[in-house]
Amino acid sequence: MGCTMADDRNDAPEQEKTPAGNEIGADEMAQALSGPDEQEKRYDELNDQYLRLAADFDNFRKRSARERETILHYANERFAVDMLEVIDNLDRAARSDDASLREGLVQIRELCATVLQRHGITPIEVLTKKFDPAEHEAIAHLPSDYEEGVVIDEAARGYRMHDRVIRFAKVAVSKGNKKNNED
């Protein structure tokens, strides 16, 4: 007996088409044909799972916010403890006699610089360098023997924390040689 293509299609598992024209398999059809109680049970399970996930995520979000707040609150603790050593030395210098006061202040200044460097804060070197508005703030423009645009004086030291400038250096910038300006 010959088999036709129509007979081959009858041997395949039953597949129905949804109203949208998509085919559904036998397992999906059995689930769709199961009673409303089964569907309600499955819906309740999925809804419960969704609610638990939503609650877990909300708890995670709140816990992360609390942790972030704690980190921000105590972020400068190590720096503050290091600075307390500087304060102690200033107190000792205030109680000392005048002869050793200057020496004590120089040592405290060096201690401050060390503490700042330990925390990634370094001074910006400016003297005899070309004026750079990304690091310098010009407060004066004076005639000098240096070429125009060179920093000739530093009124307040600038500082950088790691790669970011946290305070611009306040500087005086050269106008150039007086004699060349008069010609």
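No lab work stands behind these numbers, since they all come straight from the coordinates. Just so it is clear, the model here is predicted, and its values are computed rather than measured. Reconstructed Cβ throughout: ideal geometry from the backbone, glycine too, with neighbour counts over all protein chains shown.
From the Cα trace of segment 122-178, what convex hull volume per residue do you get, rounded to a whole Å³? The partial results should precede the final answer.
On the way: hull volume 3.3 nm³, N = 57.
Hull volume normalised by residue count: 57 Å³.
Which GluC sites (Glu not before Pro) in segment 89-183 sit in a loop by DSSP (not H, G, I, E or B) and have at most 14 other Cβ atoms within 10 Å of their own Cβ? Write out the running numbers ahead of the final one.
Working: sites: E103, E110, E125, E135, E137, E147, E148, E154, E182; in loops: E125, E135, E147, E148.
Filter output for segment 89-183: E125, E147.
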Select from I166, A140, G176 the residue farthest towards the positive end of the dipole of segment 122-178; place +1 on Cβ of Lys and Arg, -1 on Cβ of Asp and Glu, and compute about the Cα centre.
I166
What distance in nm separates the two pseudo spin-label positions at Q117 and A55, each 7 Å out from Cα along the beta-carbon direction?
5.6 nm
Could you give me the ³J(HN,Hα) list for segment 167-177, computed from phi with Karplus coefficients 6.51, -1.76, 1.60 and θ = phi - 60°, whole Hz, x at Gly and Pro?
8, 6, 6, 8, 10, 9, 10, 6, 8, x, 5
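Using the Kirkwood formula on the Cα atoms of segment 44-84, what hydrodynamic radius do you get, in angstrom to one decimal?
Numbers: mean 1/r = 0.0791 Å⁻¹.
Evaluated on segment 44-84, it is 12.6 Å.
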Of the trypsin sites (Lys or Arg not before Pro) in segment 95-183, those whose Cβ has at most 16 other Cβ within 10 Å and which sit in DSSP loop:
K129, R157
Alpha carbons only, please: Rg and Dmax for segment 75-148, in angstrom.
17.7, 48
Over all alpha-carbon pairs of segment 52-183, lay out the pair-distance distribution in 5 Å bins, whole %, shortest bin first.
2, 9, 12, 11, 11, 11, 11, 9, 8, 5, 4, 3, 2, 1, 1, 0, 0
